[in-house]
Amino acid sequence: MTQDFNDTTTIPVSRLSANQSYSFSLKLPDAARAEIAATLDLLALKKPSLIGTLKPHGADDWLLEARLGATVQQACVITLAPVTARIEERVERLFVRAMPDFDDLEEDAEVEMPEDDRAEPLENTINLAAVFQEALSLALPPYPRAEGASLSGAVFAEAGISPLTDEDTKPFAGLAALKAKLKDPEG
């Protein structure tokens, strides 16, 4: 049997039964969408969706499997022109009730990482909006580039000062020029 949690951003764990699966479809309110866009430094966030299931995993844990979709607009890293991309990602999270607590550790303590990198602590609610934001931030193009944008060398200096170029910073460039000058007594 499957129960639906549609049009919600959080699922209360107290409403989950350990012997059934749940389907969900995240519907972000405009304010939440604007907040996520601002947090992720997006120019626009359109058609956000997170559709999936929440299934019991063992006695106390829950497995979230979903498809994330979103159309994002970011600033080009070179020209700052808007760059649009469609993001489609598979998302999995394992919400674990008995997650180790690392808050009490001493500064130089060694900690073994959990084998399952999907594991997150199970709290009183499962925040679908937070799962969406985290998964989207990991899927975003790290250096969006507008069509035809290229980075050419740029040299800047204050007025009256000759700019320092990449060639000037190469340690053997000056020695090579000096060597050539010493070999050619005419130069």
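Annotations
- Filter pass, residue 67 being assigned to a strand (DSSP E or B) and among the basic types (Lys, Arg): yes
- Matching residues in the stretch 80-92 - criterion: being in a strand (DSSP E or B) and open to solvent by less than 70 Å² (accessible area, probe 1.4 Å): 83, 85, 87, 91, 92
- Residue count for the stretch 61-74, restricted to those that are over 19 Å from residue 27 (Cβ atoms) and either of a type in the set (Phe, Trp, Tyr) or exposed (fewer than 15 other Cβ atoms within 10 Å of the Cβ) (or both): 1
- Of the criteria (1) over 22 Å from residue 121 (Cβ atoms); (2) in contact with a Gly (Cβ under 7 Å, 6 or more places away or on another chain), which one residue 74 fails: (2)
- Output for the stretch 7-52, where each listed residue is of a type in the set (Ser, Thr, Tyr) and within 17 Å of residue 137 (Cα to Cα): 39, 49
- Hey, residue 27 at pLDDT 90 or above, basic (Lys, Arg) and more than 16 Å from the chain's Cα centre (by Cα) or not: no
- Among the residues of the stretch 158-187, those that are surrounded by 10 or more Cβ atoms within 10 Å (Cβ to Cβ), part of a loop (DSSP other than H, G, I, E, B) and modelled with pLDDT of 75 or more comprise 163, 170.
- Selection within the stretch 10-36 - among the charged types (D, E, K, R) and either loosely packed, with under 13 Cβ neighbours inside 10 Å or in contact (Cβ under 8 Å) with a residue 12 or more places away in the chain (or both): 15, 27, 30, 33
- Odd one out for residue 77, checked against (1) closer than 16 Å to residue 129 by Cα; (2) β-branched (Val, Ile, Thr); (3) surrounded by fewer than 16 Cβ atoms within 10 Å (Cβ to Cβ): (1)
- Within the stretch 10-24, no residue satisfies the criterion of being among the basic types (Lys, Arg) and at pLDDT 90 or above.
- One residue from 93, 97 being among the basic types (Lys, Arg) and closer than 22 Å to residue 139 by Cβ: 93
- Among the residues of the stretch 37-55, those identified as open to solvent by less than 80 Å² (accessible area, probe 1.4 Å), over 20 Å from residue 123 (Cβ atoms) and not in a loop (DSSP other than H, G, I, E, B) are 37, 38, 44, 45, 48, 49.
- Scanning the stretch 71-124 for residues that are among the acidic types (Asp, Glu) and modelled with pLDDT of 90 or more yields 88, 89, 92.
The values are calculated or read from the model by the stated rules, or taken from the named source; none is laboratory data. None of these values were measured; they are calculated from a predicted model. Quick reminder, even Gly has a Cβ in these numbers, built from the backbone with ideal geometry, and neighbours come from all protein chains shown. Protein only, heavy atoms only, side chains kept; ligands, DNA and RNA dropped before computing areas. Shrake-Rupley method; radii C 1.70, N 1.55, O 1.52, S 1.80 Å.
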